[in-house]
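Q: Have a look at this one.
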């Protein structure tokens, strides 16, 4: 298996470990982490994603909203906001369609701002499981296309 925890493979690694299957890992990402570092929100973003996946959609959406409002000029944080809102929409109770719709609207606002701001990683938009709730929406393909155009502009 070749992947990293941020690619949604933590479950697979945990399952392999539980089944006694050897896991060989190589760390290739040596970025500094933690919210205490200037400009870093990684720990809180991971918490937001975990909250949404565990049904705590209101808590996750609150942080996604903070990312959207306070970090509107940073495309990578806007994509994370879209992830948080999308997962919150998927986690919202089925008997609250208005809330689900609100979360999806905000997810697409964040994603649109990200690509309009130059986000140039279409592979993330195509493959990140945190964006799964958005991919079936007709608003998604044009944003993916714009990210591909942005990729072509990056040297």
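Q: Given the structure, is residue 55 assigned by TED's automatic domain parsing to the domain that holds residue 121 and modelled with pLDDT under 90?
A: Values: assigned by TED's automatic domain parsing to the domain that holds residue 121: yes; modelled with pLDDT under 90: no.
So residue 55 fails the test.
Q: When residues of region 121-137 are filtered for being more than 15 Å from the chain's Cα centre (by Cα) and buried (at least 18 other Cβ atoms within 10 Å of the Cβ), how many remain? Don't jump to the end; show me each part of the working.
A: Here is the first cut: in region 121-137, the residues more than 15 Å from the chain's Cα centre (by Cα) are 136-137.
From what is left, the residues that are buried (at least 18 other Cβ atoms within 10 Å of the Cβ) are none.
Looking only at that region, the number is 0.
Q: Give me the residue from region 78-103 that is in a loop (DSSP other than H, G, I, E, B) and surrounded by fewer than 21 Cβ atoms within 10 Å (Cβ to Cβ) and, out of that set, farthest from the chain's Cα centre (by Cα).
A: In the first step, residues of region 78-103 are kept if they are in a loop (DSSP other than H, G, I, E, B); the result is 92-96.
Applying the additional criterion that residues be surrounded by fewer than 21 Cβ atoms within 10 Å (Cβ to Cβ) yields 93-96.
On the way: 93: 20, 94: 22, 95: 25, 96: 23 Å.
Among those residues, the one meeting the criterion is 95.
Q: Continuing with this model, one more query. Test each condition in (1) outside the structural domain of residue 139 (by TED's automatic domain parsing); (2) under 27 Å from residue 151 (Cβ atoms); (3) at pLDDT 70 or above for residue 85 and report the one that comes out false.
A: The number of the failed condition is (1).
Q: Please work out if residue 106 is closer than 22 Å to residue 70 by Cβ, part of a helix (DSSP H, G or I) and over 14 Å from the mean Cα position of the chain (by Cα).
A: Working: closer than 22 Å to residue 70 by Cβ: yes; part of a helix (DSSP H, G or I): yes; over 14 Å from the mean Cα position of the chain (by Cα): no.
No; evaluated as a whole, the condition is false for this residue.
The values are calculated or read from the model by the stated rules, or taken from the named source; none is laboratory data. Keep in mind the model is a prediction, meaning the values are calculated, not measured. In this analysis, Cβ positions are derived from the backbone assuming ideal geometry, glycine residues included, and neighbour counts consider all displayed protein chains.
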